[in-house]
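In what follows, a structure is listed as structure tokens, so that the remarks can point back to it.
The values are calculated or read from the model by the stated rules, or taken from the named source; none is laboratory data. Predicted, not measured: the structure shown is a model, and the values here were computed from it. Here Cβ is always computed from backbone atoms with ideal geometry, including for glycine, and neighbour counts include all displayed protein chains. The accessibility values were calculated without ligands, DNA or RNA, using every heavy atom of the protein model including side chains. Shrake-Rupley method; radii C 1.70, N 1.55, O 1.52, S 1.80 Å.
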Amino acid sequence: MSNKMWGGRFAAGPDAILEEINASIDFDRHLFAQDIAGSKAHASMLAAQGIITAADADKIAQGLDAILAEIESGKFKFSRALEDIHMNVESRLAELIGPAAGRLHTARSRNDQVATDFRLYIRDTIDGLDKSLADLQLALTEKALQYADSVMPGFTHLQTAQPVTFGHHLLAYVEMLSRDRGRLSDARKRMNENPLGSAALAGTSFPIDRDMTSKALGFDRPTANSLDAVSDRDFVLETLGAASICAMHLSRFAEEIVIWTTPAFGFVALSDKFTTGSSIMPQKRNPDAAELVRAKAGKIIGALVQLLVVMKGLPLAYAKDMQEDKDGTIRALSDFSVVIAATAGMTRDLAADEKRMKAMAGDAYSTATDLADWLVQKLNIPFREAHHITGSIVAKASAANVPLHRLPLADMQAVEKRITDDVFSVLSVSKSVASRVSYGGTAPKNVRVQAKRWFKKLGADPK
Ligand code: ARG
């Protein structure tokens, strides 16, 4: 059978393998709600402009509502022979309302139709993602407040550097997520223009009203260039770009959870709700969710690269290559939303071993900088010299195999005779973090102020 949509020019139907490679219904069926909303807006605009009759527009709207109900209830039969969501819907519309269905595609092409559907889909997805990201920020802020005073080793090069508070560490991710939300909302603002009415590539001779469809679909304005409108996928790329950066952040956090939960670290534990056992080693408790967050970040970044590569060789305007924008994107954004929810779940679940973290925080002479700062502040020694003196004292402590605060005063005085026992007041890890009150620093006091600021921003009360 030749095709219903373009059968006039074609005597025979497509080869089976063309049908196979051409069909996009398996993934663009996810756009059904947006496709139907776009068609309803288009039909009522056509009627308002006198391009089709009001009676036909009513029939079309009723038919489209019926189709929406069929799809939502799972009764709709999707056909691969009908290629994509647009032709599946239009063909069913013809079955339901007869010849009036044929008037819906006036002054429209699948090219502006799919560009519109996908913009609406991505816009809706961003709105959902933003809510989940705000919830994750809330989970992190709650934990941060709970652990505002808990001291842990801060690392650079993954080597113990200086003591920090666990609350401060968790709030670092709240900051990252705030930038992630900003990027998504920027993308949303830029994408909110209506391609509908660009038709195949050149616009149309029908007296359409693009402001009317823009308003009906919640777009800020119509797109200004029809060639750009049908061949632009920046809105997908920007969203995948923002999602990739965010997934990278969540992957770093996941990696930290993997490290922290390993018995060699033992900083935090996840409950039975967020760990799995081993089929052979009865003692094992594996952080699968964290590992999968880490892995899925790779797939999300992959979807971005995949679409960039698909797009980079395409001359204007639409090319069928662009149909391949949906599969990877829809999958990646759905993975992304699971990744966010799993991270929020782990965050709420995790319990810190505060004693162990504190003990480890004092390891490896982590308060050496505090000693150097004391020399500068109390003895007015230039920092570079203080650094040198401290290095010699650390070497002494290391040779005696004792932590800094256990090294006898006499041994310190052997290096710098003006040191007094006041120095011991800065050598404990708790004193060290309490002293870091510079704006943005790790002091428990700062963590409380920042946590409160975030609760306020997130419109939540501290629990
Ligand atoms: N399924 C197509 C897509 O997603 C719709 C547009 C088809 N346009 C065309 N000229 N064949 O890209």
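A few notes on this one:
- Efficiency of FRET from Cβ geometry, residue 172 and residue 378, R₀ 41 Å, rounded to 0.05: 0.85
- Applying the Kirkwood pairwise sum to the alpha-carbon positions of the chain produces a hydrodynamic radius of 26.4 angstrom.
- Whether the range 295-393 is rounded, prolate or oblate, judged on the alpha carbon gyration tensor where a/c under 1.5 counts as rounded: oblate
- Full extension of the segment from residue 364 to residue 453, taken as 0.36 nm per residue of separation minus the current Cα-Cα distance, would add 28.7 nm.
- The C-alpha atoms of the chain define a longest principal axis, and helix 85-97 lies at about 40 degrees to it.
- Normalised per residue, the volume of the convex hull around the Cα set of the range 74-179 (Å³): 191 Å³
- Eligible lysines near residue 312 by straight Cα distance, threshold 22 Å, same-chain separation 8 or greater: 299, 320, 326
- Converting phi to 3J(HN,Hα) with the Karplus coefficients 6.51, -1.76 and 1.60 and the offset θ = phi - 60°, the range 152-161 yields 9, x, x, 10, 10, 6, 6, 10, 3, 10 Hz in sequence order, with x at every glycine or proline.
- Note, ³J(HN,Hα) from phi for the range 228-243, Karplus 6.51, -1.76, 1.60, rounded to Hz, x at Gly and Pro: 5, 4, 7, 10, 8, 10, 4, 4, 6, 5, 5, 5, 5, x, 5, 5
- Under the convention that each Lys and Arg Cβ holds +1 and each Asp and Glu Cβ holds -1, the size of the dipole of the range 353-415 around its Cα centre is about 80 debye.
- Per residue, the convex hull volume that the Cα atoms of the range 291-330 enclose (Å³): 49 Å³
- Set of lysines with alpha-carbon distance to residue 456 below 24 Å, sequence-local pairs under 8 removed: 131, 143, 445
- In straight-distance terms, cross-link reach from residue 396 covers every one of the lysines whose alpha-carbon lies under 26 Å from its own, apart from those fewer than eight places away in the same chain; here that gives 358, 378, 417, 431.
- Between the range 360-428 and the range 319-350, the alpha-carbon centres lie 50 Å apart.
- The range 40-93: Cα Rg divided by the 2.2 N^0.38 Å rule of thumb: 1.24
- For the pair the range 202-267 / the range 65-129, the C-alpha centres are spaced 22 Å from each other.
- In this simple spin-label approximation, residue 411 and residue 461 carry label points 7 Å from Cα along the Cα→Cβ vector, and these lie 5.3 nm apart.
- Spin-label pair residue 265/residue 53, simplified geometry with 7 Å Cα→Cβ offset, distance in nm: 7.1 nm
- Solvent-accessible surface of the chain, taken per residue with a 1.4 Å probe and all protein chains present: 48 Å².
- Computed from point charges on the beta carbon alone (+1 for Lys and Arg, -1 for Asp and Glu), the dipole magnitude for the chain about its Cα centre is near 1280 Debye.
- For the range 3-151: rounded, prolate or oblate by the Cα gyration tensor [a/c cutoff 1.5]: prolate
- Relative contact order, percent, the chain [alpha-carbon distance under 8 Å, six or more residues apart]: 17 percent
- Each residue of the range 263-280 is assigned a 3J(HN,Hα), and the resulting list reads x, 4, 8, x, 6, 9, 10, 9, 7, 4, 5, 10, 9, 10, x, 10, 6, 10 Hz, derived from the Karplus form 6.51 cos²θ - 1.76 cosθ + 1.60 (θ = phi - 60°), x at Gly and Pro.
- Percentage relative contact order, the range 1-102, counting C-alpha pairs under 8 Å, at least six apart: 32 percent
- Full-extension gain in nm, residue 288 to residue 356, via 0.36 nm per residue minus C-alpha separation: 22.2 nm
- Kirkwood-type hydrodynamic radius, the range 179-257: 14.4 Å, calculated from all non-identical alpha-carbon pairs.
- Only one residue of 197, 382, 147 has its Cα farthest out toward the positive end of the dipole of the chain, where Lys and Arg carry +1 and Asp and Glu -1 on Cβ, and that residue is 382.
- The range 342-457 - percent of accessible surface contributed by carbon and sulfur, probe 1.4 Å: 55 percent
- Shape category assigned to the range 78-118 from the gyration tensor of Cα positions, a/c cut at 1.5: oblate
- Rounded tilt (10° steps) of 288-311 against the dominant C-alpha axis of the chain: 50 degrees
- Think of the range 1-127 as having a plus end and a minus end, set by charges on the Cβ of Lys, Arg, Asp and Glu; of 57, 115, 125, 57 sits farthest toward the positive end of this dipole.
- Take the Cα of residue 161, step 7 Å toward its Cβ, do the same at residue 438, and the gap between the two points is 1.3 nm.
- FRET E, pair residue 10, residue 65, Förster distance 22 Å, beta-carbon r, rounded to 0.05: 0.10
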